[in-house]
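These notes concern the structure reproduced below.
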Amino acid sequence: MLAKVHSMGIYGIEAYPVEVEVYVTRSTLPRATLVGLPDASVKESIDRVRAALRNSGHHLPTIAATVNLAPADRRKEGPAFELMAMRARQEGFDGMIVPLDNAREAGVVQGLDVIPVNHLTEAAGFLTGTQPLKPVQLDIDRLFREARTYEVDLSEVQGQHHVKRALEVAAAGGHNILMIGPPGAGKSMLAQRLCTILPGLTLEESLETTRIYSVSGMLEAGRSLMAVRPFRSPHHSVSNAGLVGGGTHPRPGEISLAHHGVLFLDELPEFNHSALEALRQPLEDGRVTVSRVQMTVTYPAQFMLVAAMNPCPCGHYTDPRRQCRCTPRQIQRYRRRISGPLLDRIDIHVDVPPLEYRDLATSRPAEPSEAVRERVAAARRRQLERFEAEGLFANARMQRRHVKRYCQLDDDGRLLLRQAMDALGFSARAYDKILKVARTIADLEDSDAVLPHHVSEAVNYRTLDRRLE
């Protein structure tokens, strides 16, 4: 007797159809053979299936069973198959059976009946027609409203108004940003609140992010969707594989877990040099490819990079209240741990000075994240309209040809930028970045033209170029 069941396997974070073909014959000795490139944990499922059948009250006759997992050229890894609802819908299936605990997660995919079962007997009863089960019903809009909450807010940060402004510009244009300041100035606190001023996730972005967390086993129990943008802050001791993905059995790294969100690298010069260099290509392409002998997988990695560092090894070089004991050579060596090519991919550099007492003691309420987020969302909408035919979603993604087309300056603006380049010793790589950031500042003001005061503000976000080189 031949039986066939449709399931799904995981390749990276993508699902692919798997046909489980079972051929059963009478035998004097019970025997089960699993073929189709299963790994050790999948082979062990035979014993789990026997135990589950017996505990469900099913009689097991003496049989010889051959189980084929097709396609046979793909290795099946992991203790069980993840039934991926998105791929099931793409393959034309009308519905799927999932464990009760995963029903809300799979139920967010529209156009597919997701049948939750709590026990093997329920699955058998549903398939034989003896136990009707209703598909899970979810209100996606309600899920977003209930889950789209933030535990922090930008209003909790006192002072640092120019740094908050820099974060707003970075969020509006999707620009990577580097904050430089002494310990205790609030760099981490500011970075943690960047997600609260970014535009809300779209349903498509939410599903992509949810898929990464689901495959990684990091989706919180009872959560159906990632409704807010992720914030990841790995320690500087993180390995290359932990940061960009990989391992013996490749898994998404921190940059993929930050997909559609923020990756915060505190104490940037302390990170392993090879790990930082591995960030360069994902920052350009929005994805990372991990190659192994038996497989090559690609993970999405479209994230905003927020980095923070001290101005010197001891941290007190720019602190007027503390004396720095670092030599110029030590400071130069410390800053050179960050390579020029990586700095090429960071559009905004901003100083974060130590807080003054009057900032800490003020009772005046600071602007909340919601107000800033509205301005950021409006600027992003302008960019989406502008780049509708270009395939871009933010100013930070502009190439040279886009800069020439969309960042044209008048005579006063060109004069101002030329004077800044000459007086401050900016490199050629800073030129396009100033124009990109100026374009974002103009978008925040709902201005079609990039005006001189937009350029002036953008120049202020590059004054660290000369000091860091």
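The values are calculated or read from the model by the stated rules, or taken from the named source; none is laboratory data. In this text, all values refer to a predicted model and were calculated from it rather than measured experimentally. Cβ coordinates were reconstructed from backbone atoms using ideal geometry, including for glycine residues, and neighbour counts include every protein chain displayed. In case anyone asks, the SASA skips ligands and DNA or RNA and just uses the protein heavy atoms, side chains included. Shrake-Rupley method; radii C 1.70, N 1.55, O 1.52, S 1.80 Å.
When you filter the trypsin sites (Lys or Arg not before Pro) in the stretch 290-344 for DSSP loop state and at most 15 other Cβ atoms inside 10 Å of their Cβ, you are left with Arg292, Arg321, Arg322, Arg325, Arg336, Arg337.
Shape verdict for the stretch 362-462, please, from the Cα gyration tensor: rounded (a/c under 1.5), prolate (a/b greater than b/c) or oblate.
oblate
Taking a straight Cα-Cα cut-off under 17 Å and skipping sequence neighbours fewer than 8 places away in the same chain, the lysines within cross-link reach of Lys187 are Lys164. This model, with +1 at the C-beta of Lys and Arg and -1 at the C-beta of Asp and Glu, gives the stretch 312-390 a dipole about its Cα centre of some 560 debye. Straight-line cross-link reach from Lys433 at under 18 Å between alpha-carbon atoms covers these aspartates and glutamates, not counting any fewer than eight positions away in the same chain: Glu168, Glu284, Asp285, Asp344, Asp347, Asp351, Asp410, Asp422, Asp443, Glu457, Asp465, Glu469. Note on the stretch 29-159: dipole from Cβ charges, positive end direction compared against Asn118, Pro61, Ala103; the farthest Cα belongs to Pro61.
Trypsin sites (Lys or Arg not before Pro), restricted to the stretch 96-154: which are DSSP loop and have at most 15 other Cβ atoms within 10 Å?
Of the trypsin sites (Lys or Arg not before Pro), the ones in loops of the stretch 96-154 whose Cβ has at most 15 other Cβ atoms within 10 Å are Arg148.
Toward the positive end of the charge dipole of the stretch 326-387, with +1 on the Cβ of Lys and Arg and -1 on the Cβ of Asp and Glu, the farthest Cα among Pro365, Ala379, Ser339 is that of Ser339. Accessible surface computed residue by residue for the stretch 179-282, with neighbouring protein chains in place and a 1.4 Å probe, gives 35 Å² per residue. Which shape class applies to the stretch 189-236: rounded if a/c is under 1.5, otherwise prolate when a/b exceeds b/c and oblate if not, where a ≥ b ≥ c are the square roots of the Cα gyration tensor eigenvalues? Verdict is oblate for the stretch 189-236. Of the accessible area of the stretch 1-157, with the probe set at 1.4 angstrom, what percent is carbon plus sulfur? In the stretch 1-157, the share of accessible area belonging to carbon and sulfur is 53 percent. Each peptide in 362-370, 117-125 was scored by the mean count of other Cβ atoms within 10 Å over its residues; highest first, the order is 117-125, 362-370.
Cys residues of the chain that find no other Cys beta carbon under 4.7 Å: Cys195, Cys314, Cys324, Cys407. Classify the stretch 1-143 as rounded, prolate or oblate from the Cα gyration tensor: take a ≥ b ≥ c as the square roots of its eigenvalues, call it rounded if a/c is under 1.5, otherwise prolate when a/b beats b/c and oblate if not. Since a/c reaches 1.5 but b/c is at least a/b, the shape of the stretch 1-143 is classed as oblate.
In the stretch 408-469, a dipole from Cβ-located charges (positive for Lys and Arg, negative for Asp and Glu) runs towards its positive end, and of Leu409, Ala428, Val455 it is Ala428 whose Cα lies farthest in that direction.
Note on the chain: helix-only mean residue ellipticity at 222 nm, from DSSP H runs of 4+ residues weighted -39500 (n - 2.57) and normalised by residue number, equals -10500 deg cm²/dmol. Evaluated with a Cβ-only charge set (Lys, Arg +1; Asp, Glu -1), the chain carries a dipole of roughly 1160 debye about its Cα centre, given to the nearest 20. Of [x] 33.8; [y] 25.4; [z] 23.6, which one was derived for Kirkwood radius over Cα pairs in Å from the structure shown? Computed from these coordinates, Kirkwood radius over Cα pairs in Å corresponds to label [y].
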